[in-house]
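Presented below is the structure to which this report refers.
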Amino acid sequence: MQESLALDVIGLRVSRETLGRLRLFAELFRKWSRTINLVAASTQNDMWRRHIADSAQIFALSPEPKQWVDLGSGGGFPGVITAILLAETGAGWVHLVESNHKKASFLRLALSETGARGSVHACRIEEAHQQIQHCDAISARALATLDLLFDFAAPWAERNPDLRCFFHKGRDYQSEVDKAHGGWSFDLLQHQSAIEADSVILEIAHLARKL
């Protein structure tokens with residue numbers, strides 16, 4: 001019941017099969033969290049709301065099957081969640097980029113066990129564009145400042161003018177947006193988080209460096 005309620009908050013209805021995949025992921029996550037630090041321990045008791053539903057907001061904003069790149073995937077948020085939700089559509093793919101090999105091992109197991117539509121690239125984010133030639137969308141959660149995220153996204157934006165980026169940001173996001181305007185041009189949509197009152201998801205389009 002807790003799981004369904006968490007997803008209801010963001011207006012996302014999933015099949016029984018998808019809910020089972022998410023539950024399996026949650027079990028694997030708890031097991032691996034005993035030995036490696038996947039998220040802050042203080043948030044694990046509220047994992048369905050704070051992490052799973054929060055991550056699923058990105059899919060809810062852009063549910064059409066597409067090629068995703070998830071930067072700094074860590075414990076699987078939002079990349080594995082997106083990949084699980086794509087499994088129901090039978091299309092689309094998530095490339096999870098994670099340089100920490102222990103976390104990358106967890107991500108590979110999570111994708112395999114849940115039947116999610118994704119693969120893991122155990123490399124530095126700056127090198128990922130050499131392995132992943134094309135994507136339609138990029139996601140990142142609690143990873144870096146906006147201007148650094150733009151640096152990471154730039155190689156794909158240059159290849160695909162229709163690229164969209166979805167970045168979770170906290171209460172200080174406006175200062176990051178203002179700073180990023182100094183070196184970048186971009187279109188911005190701000191989506192209020194349904195999970196955290198002072199958080200947003202920034203949807204970025206037409207990203208380009210200023211000359």
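Brief remarks on what is shown
- Taking the criterion of being touching a residue at least 60 places away in the same chain (Cβ under 8 Å) and among the β-branched types (V, I, T), the residues of the range 98-153 that qualify are T114, I132, I138.
- With a requirement of 1 or more residues that are touching an Asp or Glu at 6+ places or on another chain (Cβ under 6 Å), among the aliphatic types (A, V, I, L, M) and surrounded by 19 or more Cβ atoms within 10 Å (Cβ to Cβ), the strands (runs of 3 or more DSSP E) lying completely within the range 80-159 that satisfy it span 93-97.
- L188 meets the stated requirement of being closer than 28 Å to R49 by Cα and surrounded by fewer than 17 Cβ atoms within 10 Å (Cβ to Cβ).
- If you go through the range 191-211 and pick out every residue that is out of contact with any helix residue (DSSP H, G or I) (no Cβ under 7 Å at 6 or more places or on another chain), outside any loop (DSSP other than H, G, I, E, B) and open to solvent by 90 Å² or more (accessible area, probe 1.4 Å), you end up with 2.
- Applying the condition of being farther than 11 Å from L202 by Cβ and touching a residue at least 12 places away in the same chain (Cβ under 8 Å) to the range 171-181 and asking which residue is nearest to the chain's Cα centre (by Cα) yields R171.
The values are calculated or read from the model by the stated rules, or taken from the named source; none is laboratory data. Just so it is clear, the structure is predicted and the values come from calculations on it, not from any experiment. Note: ideal-geometry Cβ built from the backbone for every residue, glycine included; neighbour counts use all protein chains shown. Heads up: the accessible areas ignore ligands, DNA and RNA and are worked out on the full protein's heavy atoms, side chains in. Shrake-Rupley method; radii C 1.70, N 1.55, O 1.52, S 1.80 Å.
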